[in-house]
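Chemist: The structure that follows is given in the form of structure tokens.
Derivation of every value follows stated rules applied to the coordinates shown; laboratory data play no part. Computed from a predicted model, the values in this text were never measured in an experiment. Neighbour counts run over all protein chains shown; Cβ positions are idealised from the backbone, glycine included.
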Amino acid sequence: MVVVERGAGQVVRAVNGDEAVAWAARQSRVDVVSAFPITPQTIIVERIAEFINNGEMDAEMIRVESEHSALSAAWGAAIAGARAFTATAANGLALMWEILYIVASNRTPMVMAVANRALSAPINIHCDHSDSMGARDSGWIQVYSEDAQEAYDNVIQAFRISEHEDVLLPVMVMLDGFLISHTLQNVWMLPDEVVGEFVGYRKIARIRIPDIYGDKAVPMMLNPKYPISFGPLDLYDYYFEHKAQQLEAMGRAFDVIESVHREYAEISGRSYGDGFLDPYRTEDADAVVVGLGSTMGTAKAVVDELREEGKRVGSIRLRVFRPFPGDRVRRALSGAASVGVLDRSASFGAEGGPLFSEVRSALYGLGDRPPVRGYVYGLGGRDMPPRLLKKIFLEVLETREETERPRVDLAGVRE
């Protein structure tokens, strides 16, 4: 491994995306890691296990028998006051389904990395976003990474966002399976002490339970001195109000995500748009293509090529999908003549993929809204080469009106 010094004490390490995530977890003062292997995320927990074994990370590694248990153990550690982390992919995330909702509904701060992989069947180990998109309404904040560098940066920021007293929600950090998880890249890393100071130590939120402890605020954690229950029976008399509190927390997350992103940019020199949208050459663009993840890096190169040909095109990468930044999407696309949306996930029976539906819904209230055209691509790891992206940009550029039924194409599928 080649290590080169950079300003402000940063060093560059040649690592893949999984290793970058492991480094971020190590530097973020994680207390407990629960682990179960599943391709393509296994390298994350393998590297963390090495850090712990070598004395480079002061944390407990819990080896469990399934992904359901991995998230259950992480949740148990988190409600006991630990800073918890785990990682998974595809079928593993699906096996966690029950616990995803429990963690979020109990307002438990923790971070999980998801190396995006197609869900079975047929069995497939390569990238698409069907796993995390299936979990989009489970109550987790969702952040998508373009490359290994951003995966590293996003994980560090995720702990601050999750544990903020105005949020107290779990965060998923996504990285495309194999395309990011297993691809070697130079990643600039901050010194341990800088990350440690940025993340700090977990501060346990305090809550008031008047009927039990009067007007005294007690720690929101498992504590024998102040016994409280997590996940008790909650029928129609209070369930709705607790869901409303989750919705309010998601709303408050906007300001926290923005401020954490801005503060991180100050110490690292790296920022990703405004923390929600990462636009590229959109100021005077007639056609704008919107998407998530690693594909949008390729989209920038295609934008440059088409600009040289005199075509006014641009791209926008969504970094944060939950909470969905609808106001920012409206502002960013209000001047476009046409919009294309890339979904690396099919939404069966819907009029377009998950991102397409969100973008089109966000634009619905605009008086002179641009037509929106959807594309489902890359399922099961199918490649999205520049020539196919160029074809999509040109089609979007030529789209001048929206049909009654949304136009959604399968890009790159064989007839």
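Chemist: For the stretch 3-199, what is the per residue volume of the convex hull drawn over the alpha-carbon atoms, in cubic angstrom?
Modeler: On the way: hull volume 20.7 nm³, N = 197.
Residue-normalised Cα hull volume stands at 105 Å³.
Chemist: Taking R0 as 60 Å, what FRET efficiency do you get between Ala337 and Ala80 from their Cβ-Cβ distance, rounded to the nearest 0.05?
Modeler: Details: r = 54 Å, r/R0 = 0.91.
Rounded to the nearest 0.05, the efficiency is 0.65.
Chemist: Sequence-distant or interchain residues sharing an amide H contact under 5 Å with Val64, placed H: which?
Modeler: Answer set, sorted by chain and number: Ala35.
Chemist: I need the fraction of alpha carbon pairs in the chain separated by more than 38 Å, rounded to a whole percent. Provide the component values of the computation, followed by the final result.
Modeler: Working: 17532 of 85905 pairs.
Summing the P(r) tail past 38 Å for the chain gives 20 percent.
Chemist: Using each residue's phi in the stretch 204-220, evaluate 6.51 cos²θ - 1.76 cosθ + 1.60 at θ = phi - 60° and report the 3J(HN,Hα) Karplus result to the nearest Hz, with x for Gly and Pro.
Modeler: 6, 5, 10, 10, 10, 10, x, 5, 10, 10, x, 9, 8, 7, 10, x, 7
Chemist: Ok, one more. With n ≥ 4 as the cut-off for DSSP H runs, can you work out [θ] at 222 nm for the chain, using -39500 (n - 2.57) per run divided by the number of residues, rounded to the nearest 500? Provide the component values of the computation, followed by the final result.
Modeler: On the way: 14 runs with 159 residues, N = 415.
That comes out to -11500 deg cm²/dmol.
Chemist: Need one number: nm distance between label points at Ile207 and Asp137, each 7 Å from Cα along Cα→Cβ, rounded to one decimal.
Modeler: Output for this residue pair reads 2.5 nm.
Chemist: Using a simple charge model, +1 on the beta-carbon of Lys and Arg, -1 on the beta-carbon of Asp and Glu, nothing else, what dipole does the stretch 3-199 show about its Cα centre, in debye to the nearest 20? Kindly include the intermediate steps, with their values, before the conclusion.
Modeler: Numbers: 11 positive and 26 negative charges, 38 e Å.
Around 180 debye, computed over the stretch 3-199.
Chemist: Taking R0 as 22 Å, what FRET efficiency do you get between Glu46 and Arg270 from their Cβ-Cβ distance, rounded to the nearest 0.05?
Modeler: On the way: r = 26 Å, r/R0 = 1.19.
Computed FRET efficiency for Glu46 and Arg270: 0.25.
Chemist: Under unit Cβ charges (Lys, Arg +1; Asp, Glu -1), what dipole magnitude, rounded to 20 debye, does the stretch 277-411 have relative to its Cα centre?
Modeler: Working: 22 positive and 20 negative charges, 67 e Å.
About 320 debye.
Chemist: A further question on this structure: What is the set of long-range amide H partners of Arg206 at a cut-off below 5 Å, with H atoms built 1.01 Å from backbone N?
Modeler: So Arg206 has HN proximity to Met220.
Chemist: Need one number: nm distance between label points at Asp192 and Ala350, each 7 Å from Cα along Cα→Cβ, rounded to one decimal.
Modeler: Between Asp192 and Ala350, the simple spin-label model gives 4.3 nm.
Chemist: Continuing with the same structure: Which value, in debye to the nearest 20, gives the size of the charge dipole of the chain about its Cα centre, when Lys and Arg are +1 and Asp and Glu are -1 at the Cβ?
Modeler: That gives a dipole near 180 debye.
Chemist: To continue, here is another question. For the residue pair Arg414 and Asp383, what label-to-label distance in nm results when each label sits 7 Å from Cα along the Cα-to-beta-carbon direction?
Modeler: 1.4
Chemist: Calculate one ³J(HN,Hα) per residue across the stretch 359-376 by plugging θ = phi - 60° into the Karplus curve 6.51 cos²θ - 1.76 cosθ + 1.60, and present them in order as whole Hz with x for glycine and proline.
Modeler: 5, 5, 5, 4, 8, 4, x, 5, x, 10, 6, x, x, 10, 10, x, 9, 9
Chemist: Sorted from largest to smallest, which semi-axis lengths in Å does the alpha carbon gyration tensor of the stretch 312-415 give for its equivalent ellipsoid, taking the root of 5 times each eigenvalue?
Modeler: On the way: eigenvalues 87, 50, 38 Å².
Its equivalent ellipsoid spans semi-axes of 21, 16, 14 Å.
Chemist: Let me ask another. Figure the gain on full extension for Asp368 and Ala301 (residue separation times 0.36 nm, minus the Cα-Cα span) and round it to one decimal in nm. Don't jump to the answer; show the numbers that get you there.
Modeler: On the way: separation 67, 0.36 × 67 = 24.12 nm, distance 2.95 nm.
Length difference between fully extended and current span is 21.2 nm.
Chemist: Starting from the Cα of Lys203, draw a straight line to each of the aspartates and glutamates and keep only those under 14 Å, dropping any in the same chain fewer than 8 residues away.
Modeler: Of all the aspartates and glutamates, those that pass the test against Lys203 - Cα under 14 Å, at least 8 places apart if same chain - are Asp31, Glu163, Glu165, Asp166.
Chemist: Which residue, chosen from Ala25, Thr399, Val290, occupies the Cα position most advanced towards the positive end of the dipole of the chain, where the dipole is computed from +1 (Lys, Arg) and -1 (Asp, Glu) charges on Cβ about the Cα centre?
Modeler: Positive-most Cα among the choices belongs to Thr399.
Chemist: Sticking with this structure for a sec: If I take R0 = 45 Å and measure r between the Cβ atoms of Ser229 and Thr183 in this structure, what FRET efficiency does the formula 1/(1 + (r/R0)^6) give, to the nearest 0.05? Numbers along the way, then the final one.
Modeler: Numbers: r = 45 Å, r/R0 = 1.00.
The calculated FRET efficiency here is 0.50.
Chemist: May I ask you to compute the full-extension gain from Glu401 to Glu65, defined as 0.36 nm times their residue separation minus their alpha-carbon distance, rounded to one decimal in nm?
Modeler: On the way: separation 336, 0.36 × 336 = 120.96 nm, distance 5.31 nm.
Full extension of this stretch gives 115.7 nm more.
Chemist: Determine the gain in length on full extension of the stretch Tyr239-Asn53; use 0.36 nm per residue of separation and subtract their C-alpha separation, reporting nm with one decimal.
Modeler: Values: separation 186, 0.36 × 186 = 66.96 nm, distance 4.36 nm.
Result for the pair: 62.6 nm of gain on full extension.
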